[in-house]
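Novice: First the structure, which I've put down as structure tokens, then a few questions once you've had a look.
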Amino acid sequence: MLPIPFSFDTLTYSVPKVGDAFGGGFIAYIYQESDDQYDPYYTSIYVGPYSKDIIRGIIISTASIANSQLGPGSSLPATNRSGAQSTTTLYNWDSTSTLAASRVETLTFNGFTDWFIPSRYEMLQIVSLTFSRQYMTQSEYWTTDTNAGSGLAYGIDTVTWTSGLANSTNSFGVRAFRYFTIYT
């Protein structure tokens, strides 16, 4: 596997950074040592005699997804801190094609099909970096965090960049993300 971005003309590569085009979108966040998803035992591997650094993070899509409801307003299922797992949980709970999880779970964009709605924790990480905010043009966006057993879920307010509970029948913005792993 060649490191990305890679140039055959110069036979050099550069370490990716936030804002670089990659994997069907743009790198929105690179995990840091203080993040829950950062694994200190998963930062390098050996391939033959060579050590390869591992960079992991989140990509933001430029796909425009229609404002959607997160749920039909009934008792939402419990979700966890992984946006990918929670998107699948919400889709399996109710796959109505107009709901946010269905739109993202079935999305094929720039050749990729593993898009998800981020959890509240992931979304707050992503918008903490100014780069990603240019793609967040709606006033409110859904995350996959739910208040299990109710019709409430967490959204992100893009004026204050804070999260709060809202009725899942509200029509908020939806932005698709995907995880990435690069070996340099």
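Novice: Taking segment 82-101, which residues are surrounded by 15 or more Cβ atoms within 10 Å (Cβ to Cβ) and within 29 Å of Val18 (Cβ to Cβ)?
Specialist: Ser82, Gly83, Ala84, Ser86, Thr87, Thr88, Thr89, Leu90, Tyr91, Ala100, Ala101
Novice: What's the number of the condition Thr184 fails, among (1) β-branched (Val, Ile, Thr); (2) without any contact (Cβ under 8 Å) to a residue 12 or more places away in the chain; (3) touching an Asp or Glu at 6+ places or on another chain (Cβ under 6 Å)?
Specialist: Failed condition: (2).
Novice: For Leu124, which of the numbered conditions (1) surrounded by 14 or more Cβ atoms within 10 Å (Cβ to Cβ); (2) under 26 Å from Ser97 (Cα atoms); (3) in contact with a strand residue (DSSP E or B) (Cβ under 7 Å, 6 or more places away or on another chain) fails to hold?
Specialist: Here Leu124 clears every test but (2).
Taken together, the values in this text are just the output of simple stated rules run on the coordinates, not laboratory data. From a predicted model like this one, the values you see are computed outputs, not experimental measurements. Quick reminder, even Gly has a Cβ in these numbers, built from the backbone with ideal geometry, and neighbours come from all protein chains shown.
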